[in-house]
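The values are calculated or read from the model by the stated rules, or taken from the named source; none is laboratory data. Predicted model, so just to flag it, every value in this text is computed and none were measured. So basically every Cβ, Gly included, is an ideal-geometry build from the backbone, and we count neighbours across all protein chains shown. We work out accessible area using only protein heavy atoms, side chains counted, and drop any ligands, DNA or RNA first. Shrake-Rupley method; radii C 1.70, N 1.55, O 1.52, S 1.80 Å.
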Amino acid sequence: MNLCLLSPINLSVSSCGLLLQKCLKAKLLEQCKQIHALMLTSHIDMNALSLNSKLIGAYASCGYLGAADLVFERTRNLNIFAFNWMISSFAFHGYPEKSIGYFSLLQQSRIIPNKYTFTIVLKACVGLMDLNKGKQVHSMIYRMGFESELSVANALIDMYAKCGNTEYARLVFNVMVERDIVSWTSMIHSYANTGKIEESFILFEKMRLEGIRPNDFTWNIMIAGYARKGDCDTAFTLLSKMNKEGLTPDLVTWNAMISGFVQSHRSTEALALVQDMLDAGVKPNEVTLTGLLPVCGLIDSVSRGKEIHGLVYRLEFFANVFVASALIDMYSRCGSVEEAWDVFSSVPFKNIASWNAMIGCYGKHGRVEHAIKLFEKMQYEGVLPNEVTLTSLLSACSHAGLVERGLKIFWSIEESYGVRARKEHYACVIDLLCRFGRLEEAYNIIKDMPTKVTDSIIGAFFSGCKVYTRRDLAEKMAKDILHMDLKKPEGLVALSNIYAAEGEWENVENVRSMMKDKGLNKMPGSSRL
């Protein structure tokens, strides 16, 4: 834009309006400032042809919100154009409160909102996650007759969905006279986000029956939804159909698919998916690699892990603490403690996940002293332990037989580390005591547990009673079990085995009756010759 030809002599209201319009569309901030200066020095009537409102729009479109706000405050003849720009620009730049504030000023004026006003103020409601404000705006929309406008209805669905009210979103969707791909996709996304993937699929199929072709975003929602739910077969079928329609999954969808296959222990298919992703020209990110690394532990293949480790270096993700933690965990699962330590040592900035992964690795492989020394070093470096750290330490003490060390850590959890003991910590200390015959201490701890007693804790206790022939304590616990909400029968099965070993079949039958009354059923065993 050539401003050299402009001067206070040949500058007109209409030329200023045209130039500001160009600045707005092309986001030309410096030129906008120059025009503003020329207008001020040439005493152009800023109220003529809504020049003030156009100047507000130009500054707002360039993200120069302070100047837009200043002009807005000094303008007497504001129009809806100026209000819409202020509402939208503040919402877009992450200031939803101010956006709603301008909408409130609009309501106090005599200016009538238009459909664009409502679509952008609903986005501000999403930014605030304010469902009540969204409902108030919906009420205004209904009163002013904008509910039938497609863009407004789509914005309402989006607002209700993102503010966590899928039912209201569906009500808006159901009464829409006209629906487009945005309407269908928003509603499908809403159901998928709340775990109702079957509802998403029904809408997905209905949309196709009504002749609306899903776009890549719609396909991605469906595939990722099924993958996250663990239904990898359906996700893979949809992926194939998407490819046939000439559309390519995005990185989020590939990541969800890979993670879904890994969590379903379908390691070979997860690795094949990564290759498919690379063949499609999609570059993995940190999420891809952290989701994929557990595969190596599942198939106990350190060589595969090293291949992925090489990919981490080629993609320059080696400094990412989450990738590093996943690598440490992978090497730990594969039994490669030294490689895990090499990764840990090379991470420039460690977070609690990195420390936990390495402490857990040492504990898992019996290097308890290393785990404790690393724990002490972590505290020296100012990193506070969390629940996971202490669970790893207690588990390590249990497997190494360090009863007193484990008890000392357990009893000082809250006082020394500011962590409230959870069921995982109790499970570790009960296992530790029962392994070494200190069953009375274990019984007293279980009796006084402030958290819910788990099946694994009961199972560990009864197993200890069986090993150390403490039938008296087993029977005490059996009475206590009547008041517990257990889901699995392992503990009572262990008690039944204690009685059976002594030939007390009547008591065995009593335990089985207790299991039946509590609705606990043991899976029948089988054998092959």
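Some notes on this structure:
- In the distance distribution for the stretch 178-259, Cα-Cα pairs more than 18 Å apart total 34 percent.
- Part-to-part distance (alpha-carbon centres) for the stretch 204-230 and the stretch 105-156, which is given in Å: 28 Å
- Computed from backbone phi with θ = phi - 60° and the Karplus coefficients 6.51, -1.76 and 1.60, the 3J(HN,Hα) list for the stretch 84-97 is 4, 5, 5, 5, 6, 5, 5, 5, 5, 8, x, 10, x, 4 Hz; x is used for glycine and proline.
- Relative contact order (percent, whole number), the chain, Cα cutoff 8 Å, 6+ residue spacing: 5 percent
- Computed across the stretch 53-179, the Kirkwood radius stands at 14.8 Å (inverse of mean 1/r, all Cα pairs).
- Part-to-part distance (alpha-carbon centres) for the stretch 374-415 and the stretch 65-79, which is given in Å: 60 Å
- About the centre of its Cα atoms, the chain shows a dipole size close to 960 debye [charges on the beta carbon of Lys, Arg (+1) and Asp, Glu (-1) only; nearest 20 debye].
- Area projected by the alpha carbon convex hull of the chain, averaged over all directions, nm²: 36.6 nm²
- Solvent-accessible ranking of ILE80, ILE458, largest area first, probe 1.4 Å: ILE80, ILE458
- Greater than 20 Å apart at Cα, pairs in LYS364/LYS447; LYS373/LYS408; LYS54/LYS133; LYS162/LYS241; LYS452/LYS476; LYS98/LYS133: LYS364/LYS447; LYS54/LYS133; LYS162/LYS241
- Solvent exposure ordering (accessible area, 1.4 Å, most first) of ILE430, ILE299: ILE299, ILE430
- Per-residue accessible area (protein heavy atoms, 1.4 Å probe) orders ARG76, ARG367 as ARG76, ARG367, starting from the largest.
- Placing unit charges on the Cβ atoms of the charged side chains and taking the dipole of the chain about its Cα centre, the candidate lying farthest along the positive direction among ILE413, MET39, LEU131 is MET39.
- Carbon/sulfur fraction of accessible area - the chain, other protein chains in place, 1.4 Å, %: 53 percent
- A 1.4 Å probe, protein heavy atoms only, puts the accessible area of GLU286 near 70 Å².
- Å² of accessible area per residue within the stretch 200-329, as computed with a 1.4 Å probe and no ligands counted: 48 Å²
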